[in-house]
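The values are calculated or read from the model by the stated rules, or taken from the named source; none is laboratory data. Every value quoted in this text rests on a predicted model; they were computed, and no experiment measured them. In this analysis, Cβ positions are derived from the backbone assuming ideal geometry, glycine residues included, and neighbour counts consider all displayed protein chains.
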Amino acid sequence: MTLKSFGQKLKRFLKAFLFTILCIVYLFLTIWTFCYSLSIFYVFVIVLAIGLILYFRRKKRRDLSAILVVGLLIFLIATPYNLSQYNSNAAGFQARVNRGKSLTFKEKCGIYGNVLMIIVLDYIPLREASVMNFYMLFPKENKTRVFYSNAYLRAQDIKPLLDKKGKNVVAWNKWNERLNGNFRFAAAFDPCTIEVTDEGTYKKAVLITPFHYRKNYTTRNATHAMHGLFEFHINEGLFWYLQHKGWLHPYTAVWIAKFDK
């Protein structure tokens with residue numbers, strides 16, 4: 001295989017890979033907006049229909065790719081309206097849950113889609129929370145999962161406890177998480193306890209946190225930026241509902257770290 005032929009094969013592979021990712025994202029958002037009864041769903045369907053017509057006429061994948069990108073751009077441009085409608089519909093779901101009513105299969109799929117988006121979008125900024133959310137998708141008989149990582153030892157509210165004996169409750173600084181580096185870890189581990197033991201040549205920290213969603217609890221984000229134009233709500237109460245229905249599986253997370261004395 002020559003360098004030129006290898007480059008051509010690599011180029012074809014990358015194009016096919018990006019096209020596949022584009023299709024997955026587009027279809028996921030189409031299904032998700034349908035489940036949440038968002039108006040942008042109809043735009044997605046119309047754009048997809050146009051793209052498929054062009055594709056079957058010209059047999060060119062780039063035509064379909066271009067049309068799908070246009071659909072995603074429209075989705076992004078309409079973000080303020082989409083978020084407003086999403087927040088309103090999610091609040092309606094929560095109100096029905098609070099009254100003891102059941103949600104439809106379609107609505108539960110939409111909420112499940114939110115969890116999937118959290119897992120993907122949080123992986124880089126909030127890796128621990130993303131990982132623990134991922135494992136909530138699968139049941140475990142003893143409801144305990146063990147993880148190994150030293151990353152959380154960097155948290156400002158963890159460091160003072162590394163020289164203390166016994167089990168200690170971590171008092172997260174809720175007022176300054178984003179500035180002092182606690183936010184990534186508080187998002188995953190609040191509340192939690194940590195116990196440090198001497199293992200001879202090294203120390204071992206064991207952090208334990210119950211990982212589950214709270215009933216009837218909503219977090220409001222971006223409420224002040226640009227007059228709330230991009231305000232969005234995370235309705236933990238709806239995730240709690242999926243727990244109650246057996247779609248999500250809460251557990252106790254045990255994070256073990258080993259470090260030098």
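For (1) assigned by TED's automatic domain parsing to the domain that holds I31; (2) out of contact with any Phe, Trp or Tyr (no Cβ under 8 Å at 6 or more places or on another chain); (3) of a type outside the set (D, E), each residue gets a yes or a no:
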site: D122; (1), (2), (3): no, yes, no
site: P125; (1), (2), (3): no, yes, yes
site: S130; (1), (2), (3): no, no, yes
site: A155; (1), (2), (3): no, no, yes
site: L162; (1), (2), (3): no, no, yes
site: R184; (1), (2), (3): no, yes, yes
site: V196; (1), (2), (3): no, yes, yes
message = Suppose the filter is out of contact with any strand residue (DSSP E or B) (no Cβ under 9 Å at 6 or more places or on another chain) and without any contact (Cβ under 8 Å) to a residue 24 or more places away in the chain; does Y123 pass it?
response = yes
query = Can you find even one residue in the stretch 62-84 that is outside any helix (DSSP H, G or I), within 24 Å of G237 (Cβ to Cβ) and not polar (S, T, N, Q)?
reply = no
ask   = Can you pull out the residues in the stretch 241-256 that are over 22 Å from K101 (Cβ atoms) and not small (G, A, S)?
value = H249, P250, Y251, T252, V254, W255, I256
Filtered residue count, the stretch 92-121, keeping only those that are assigned to a loop (DSSP other than H, G, I, E, B) and within 15 Å of F239 (Cβ to Cβ) = 1
request  = Being over 30 Å from S88 (Cα atoms) and either crowded, with 18+ Cβ neighbours inside 10 Å or small (G, A, S) (or both) is the filter here, so list the residues in the stretch 37-62 that pass it.
outcome  = G51
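Do we have any residue at all in the stretch 133-143 that's crowded, with 18+ Cβ neighbours inside 10 Å, within 21 Å of A253 (Cα to Cα), at pLDDT 95 or above and not β-branched (V, I, T)?
Narrowing the stretch 133-143 to residues crowded, with 18+ Cβ neighbours inside 10 Å: 133, 136.
Subsequent filtering for residues that are within 21 Å of A253 (Cα to Cα) retains 133, 136.
Okay, now just the ones that are also at pLDDT 95 or above, so 133, 136.
If we keep only those that are not β-branched (V, I, T) too, we end up with 133, 136.
Yes - at least one qualifying residue is present in the stretch 133-143.
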